[in-house]
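No lab work stands behind these numbers, since they all come straight from the coordinates. All of these numbers come straight from a predicted model, not from anything done at the bench. Glycine gets a Cβ as well: all are built from the backbone with ideal geometry, and neighbour counts include every protein chain shown.
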Amino acid sequence: MSEKRDYYDVLGVDRGAAADDVRKAYKREALKHHPDRNPGDAAAEAKFKAVNEAYQVLSDDEKRRVYDQFGHAGLEGGAGVGGVGDVFAHMQDLFAEMFSGGGFGFGGGGRRQARGGDLRMQARLSLREAAFGVKREVTVHAPVRCDDCSGTGAKAGTKPETCGHCRGSGHVSNARGFVMFTTPCPKCQGQGVVIKHHCKACEGRGAVEKARKVVVTFPAGIDAGQRLRVPGQGMPGPMGAPPGDLYVELDVEEDKRFERDGADLVTRCHVSFTDAALGAEIEVAALGEASTTDAEPTVTLKIPPGTQSGSVFTLKSQGIPRLDGRGRGSLIAVVQVDVPTALGERAKKLIQELDEELRRSADEAETAKARAGGAK
Ligand SMILES: [Zn+2]
Ligand SMILES: [Zn+2]
């Protein structure tokens with residue numbers, strides 16, 4: 001894998017460049033390396049793509065912040081650069097403006113280097129692992145390049161030979177009347193080469209099925225449904241070409257104590273009827289980084305007298321760390337007031353007394369209000 005260039009260098013702007021300057025630099029660089037102006041120039045095409053990738057990140061406040069903080073690595077996770085489709089949609093926007101009227105096609109570029117297919121797999125993390133990040137070894141069951149033949153499929157000491165049927169082009173043409181039909185070569189299946197002596201280990205496929213371990217680093221703040229790319233861990237490329245990538249889709253286990261809402265955690269806490277009436281300090285479940293399951297941390301929450309069931313209290317920075325490193329979300333405590341059940345004789349009597357007292361003081365307040373109104 002080649003090292004990626006710094007996005008600011010690619011556009012030739014300072015790290016502190018304003019959005020408008022980034023846009024201007026992009027126009028200048030994109031025009032310079034545009035394929036229409038440099039037909040058949042592979043280096044220009046590569047530069048053009050790099051310029052677009054850089055602009056896609058630096059023109060987006062969120063992505064730029066992530067990039068400033070973590071560099072290219074930060075963009076490989078969920079908040080990363082979108083697919084190729086995004087790049088093209090982006091370019092079409094800008095270029096519609098720059099080449100008004102003229103058609104803008106993307107065909108005719110250099111031939112894509114063949115590479116192995118991508119692999120997809122699922123990983124399941126606990127809420128804590130997703131919140132604080134974890135390194136996890138995953139097992140990938142997939143073909144790997146055959147070592148015996150270095151992926152060529154040909155027996156040791158031999159090489160795949162140019163297909164005689166298609167002379168290595170991979171396709172054959174047949175004339176039917178005046179029309180020429182081109183089809184993939186049936187003898188080499190379009191590969192352009194044939195293997196006379198197959199490698200025994202892989203029976204000529206160039207790859208063998210194997211379970212292999214890949215260490216995946218899940219960043220803190222990752223959430224269910226997000227996808228991580230692990231470069232170079234996909235299928236081996238045909239005929240020794242580079243491998244594809246591994247995509248790990250994330251699933252997060254439910255946690256009985258919390259519901260996740262982005263970077264916020266919602267938890268329900270029970271408060272006794274007397275604590276709610278008088279006010280109290282209560283302990284609220286919190287998400288701790290340590291993985292001891294028996295001693296879950298709590299945070300103290302002060303609830304005022306007269307707290308109602310359903311009241312919501314927000315504890316800042318006690319939620320989930322944000323993926324881009326900008327602090328943590330909030331812990332949101334939703335209060336549920338528990339009405340006592342199974343009352344003893346004395347408790348029942350006290351509550352009846354309390355009831356009488358509350359009615360009396362409510363009446364008094366009512367009378368006082370009426371009097372105050374009449375005196376006006
Ligand atoms: Zn052939
Ligand atoms: Zn082999």
With a ≥ b ≥ c from the Cα gyration tensor eigenvalues, square-rooted, and the rule rounded for a/c under 1.5, otherwise prolate when a/b > b/c and oblate otherwise, region 128-240 is oblate
Report the label-to-label distance for L31 and T162 in nanometres (one decimal), using points 7 Å from each Cα along the Cα→Cβ vector. 4.6 nm
Taking R0 as 30 Å, what FRET efficiency do you get between L278 and R326 from their Cβ-Cβ distance, rounded to the nearest 0.05? 0.20
Ranked output for segments 58-65, 309-316, 339-346 by mean other Cβ atoms within 10 Å, highest leading, reads 58-65, 309-316, 339-346
If each DSSP helix of 4+ residues adds -39,500 (n - 2.57) and the sum is divided by the residues in the chain, what number results at 222 nm, nearest 500 deg cm²/dmol? -9000 deg cm²/dmol
Pairwise Cα inverse-distance average, inverted: Kirkwood Rh of region 221-339 (Å): 17.0 Å
Counting only residues 5 or more apart in sequence or on a different chain, those whose built amide H sits under 5 Å from that of R328 are R322
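Using 1/(1 + (r/R0)^6) with R0 = 45 angstrom and r between the beta carbons of H171 and D261, what's the FRET efficiency to the nearest 0.05?
After rounding to 0.05, the efficiency reads 0.25.
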Starting at the first residue of region 341-350, write each ³J(HN,Hα) from the Karplus equation 6.51 cos²θ - 1.76 cosθ + 1.60 with θ = phi - 60°, in whole Hz, x for Gly and Pro. 10, 6, 7, x, 4, 5, 4, 4, 5, 5
Report, in degrees rounded to the nearest 10, the 0 to 90 angle that the Cα long axis of helix 42-58 makes with the longest principal axis of the chain. 0 degrees
The residues H197, H171, sorted from fewest to most surrounding Cβ atoms within 10 Å, come out as H171, H197
Using θ = phi - 60° and the Karplus form 6.51 cos²θ - 1.76 cosθ + 1.60, what ³J(HN,Hα) does each residue of region 121-133 get, whole Hz, x for Gly and Pro? 8, 10, 10, 10, 10, 6, 4, 5, 4, 5, 5, 9, x
Compute all pairwise cysteine Cβ distances in the chain, then list the cysteines with no distance under 4.7 Å to another cysteine. C269
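Considering the convex hull of the alpha carbon atoms of the chain, report its projected area averaged over all viewing directions, in nm², one decimal.
Mean orientational projected area (the chain, Cα hull): 36.6 nm².
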